[in-house]
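This report refers to the structure that appears directly beneath it.
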Amino acid sequence: MNQPERAVLIVDDDDIFRNRLVRAMASRGWEASEAGDADSALEKAALHSPDLAVVDLRLPGTSGLEIVRRLRELDDTICIIMLTGYGSIATALTATKLGADHYLTKPADADQIVHEYERIANCQEVSTEIPEDVQAPSLARVEWEHIQRVLADCDGNISQAAKRLGLHRRSLERKLFKYPPAV
């Protein structure tokens, strides 16, 4: 007897990433649908009731965190995995408080997502052991990621970002022209 096809909803405003992930999930036997914004994501979730929703944190208009909250209200059984290019402990905690089952940083591939879904579906505990080859990011890297988040929140406005960061505009410009520190 064949295993019933599972449904996944990919919510991301990056068309290329979203399309690749949809194709990758479909090639792994998932019925994959996609959405680039909150309204279409919630509409598709209400119509199709997916088993898994993969939601990007940063979306135009409504935040991915708000989508997580509304998806959880819509269907308490859906498995929700939050994706973001700006990984931080604060956003991971907020996402899980709002109803996300897990949190992955980009670039996450379909195999990682399927693995986490299966772990969550089988009620397996998250390993708290840190592998030996994993190192904490340097302070310079954390600062660079924070600057990028604030700049994104300010829609690329350097003056506004500098004000929020408590920096002089020229100091922020100098930091932005440097390459990102190694992870």
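The values are calculated or read from the model by the stated rules, or taken from the named source; none is laboratory data. For clarity, every value in this text was computed on a predicted model and none was experimentally measured. Cβ placement follows ideal geometry from the backbone for every residue including glycine, while neighbour counts extend to all protein chains displayed.
For the reader, a short list of remarks on this structure follows.
- Condition check for L71: more than 11 Å from the chain's Cα centre (by Cα) and over 14 Å from V11 (Cα atoms): no
- Options R58, R69: the member that is among the basic types (K, R), assigned to a helix (DSSP H, G or I) and either assigned by TED's automatic domain parsing to the domain that holds S40 or farther than 18 Å from A38 by Cα (or both): R69
- Pair list, Cβ < 6 Å and 6+ apart or interchain, from segment 26-37 residues that are in contact (Cβ under 8 Å) with a residue 24 or more places away in the chain to residues that are part of a loop (DSSP other than H, G, I, E, B): E31/E5; G36/D13
- Residue match in segment 83-91 (condition: of a type outside the set (A, V, I, L, M, F, W, C), modelled with pLDDT under 85, within 12 Å of the chain's Cα centre (by Cα) and closer than 17 Å to R18 by Cβ): yes
- Residue match in segment 27-35 (condition: among the small types (G, A, S), assigned to a helix (DSSP H, G or I), at pLDDT 85 or above and surrounded by 14 or more Cβ atoms within 10 Å (Cβ to Cβ)): no
- Between V183, V142, the distinction of being of a type in the set (A, V, I, L, M), under 19 Å from the mean Cα position of the chain (by Cα), exposed (fewer than 11 other Cβ atoms within 10 Å of the Cβ) and at pLDDT below 80 belongs to V183 only.
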